[in-house]
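The values are calculated or read from the model by the stated rules, or taken from the named source; none is laboratory data. Being a predicted model, the structure only gives us computed values, none of them experimental. Note that each Cβ is placed from the backbone with ideal geometry, even for glycine, and that neighbours are counted across all protein chains shown. The protein model used for the area step is the full one, side chains on, heavy atoms only, and it has no ligands, DNA or RNA in it. Shrake-Rupley method; radii C 1.70, N 1.55, O 1.52, S 1.80 Å.
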Amino acid sequence: MLYAVFTNISEAVSPVLAGFIIAFVINVPIKQISRQLLKLFDKAKIKPKESIITIISLLLTLLLGILLLVAAAAYVVPNIIESFKGVVIELKSKLPVWIEAIQSDPYLGSLIPIESLDSLDEIDVPAILKKIDEMGIVNSIGSLSGTVISSFANVGMALVIAIYAILDKKRLCKASKRLVYAVFKKEIAERLCHIADLVNKTYSRFFTGQLTEACILGCLMLTSLSVFRLPHAGITAFLTAICAFVPYVGAFLACAVGALMVALVAPGRIFIYLIVYLVTQFIENQFIYPRVVGSSVGLPAMFTLIAVIIGSKLFGIIGMIFAIPIMAVIYALLGEFIDRRLKERKIDI
């Protein structure tokens, strides 16, 4: 009973929480765009309202996100389709040779009997449909469709809530601060506000560092794959840059997709591709990523790696993405605590 109540409450609240998380994430590029707009307006000697700048920044951020998605779809999907077309043509040309080789081999021929259907009448369609119905595949598809529709509805609600939160963020921040000071003692309230401000600044720096690192990794991958004249260097580098927002692991997912595309076009070069990709990824992970992202949030390279490992073990991919800024906040608060305690004890190290 209690579990059912808790589940219903969590399902009802999840779009609201997701909306605030989305608002927190997209607020980073919105602030950057707002700063640039303020500079442009200052040069033009125009003083628009803060709400107008926020609305323009929000629209530009959403437009930029849509353009990136469209560009990714327009660039990635056609290349994958072309790769599959190439492999289909390759299979059509080589399949008769493979079938002949299998049939001529006495051992393989007995293991893999290849029989051709003389007529489509040999297929018992009613029996197949009955088997599908017994397996419950139709019901499963219907249930999956309902889940997908519900998920899209929740995402839509979360986006609407995020937009409202962004447009009214000043009032929300003020109301939250008033609530904290009303509930807690002044010292605790000040500490909580300090932590919230530290989280906000740390995440903003992390997002900037992550974006820089993604661009560096994409350029490195494009250069390495192009030097060795490997197929689909551009699309692989693009996927690597996109997947790089998942620390350490994201690029390996892009590596798997790239390996599949290389295998479809040039199977003989797959080994060279893997060596080039993994060596480039190793160099970037060990020498560039910890310094670019870790330094952007004030976190040493070793703690960056530890944060990703712990985050992935506890919360999977989501944990990996947010582990570094969380670790950076903990590291900063721990440093403040140590400095304060040493100062109280009048110890200078």
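Computed over protein heavy atoms with a 1.4 Å probe, the accessible surface of the range 201-349 works out to 53 Å² per residue.
If the segment from PHE228 to ILE21 were pulled out straight at 0.36 nm per residue, it would be longer than the present Cα-Cα gap by 70.3 nm. Backbone geometry of the range 250-257 corresponds, through the Karplus equation with coefficients 6.51, -1.76 and 1.60 at θ = phi - 60°, to 3J(HN,Hα) couplings of x, 5, 5, 5, 5, 4, 5, 5 Hz, x marking Gly and Pro. The slack between VAL279 and LYS169, meaning 0.36 nm per residue of separation minus the straight C-alpha distance, is 35.1 nm. By accessible area, using a 1.4 Å probe on protein heavy atoms only, the range 239-349 has 76% of its surface on carbon and sulfur. Overall, the anisotropy analysis places the range 208-323 in the prolate class: the square-rooted eigenvalues a ≥ b ≥ c of its C-alpha gyration tensor yield a/c not less than 1.5, with a/b exceeding b/c.
To the nearest µm²/s, what D does Stokes-Einstein give for the range 181-244 at 37 °C and 0.692 mPa s, using the Kirkwood radius over alpha carbon pairs as Rh? In µm²/s, the coefficient rounds to 226. Assuming R0 = 30 Å, can you tell me the calculated FRET efficiency for the pair ARG341 and LEU192, based on Cβ-Cβ distance, to the nearest 0.05? Efficiency at R0 = 30 Å is approximately 0.90. Carbon-plus-sulfur accessible fraction, the range 170-214 (probe radius 1.4 Å, protein heavy atoms only): 64%.
The modelled label-to-label distance between ARG269 and ASN8, using points 7 Å beyond Cα along the C-beta direction, is 6.0 nm.
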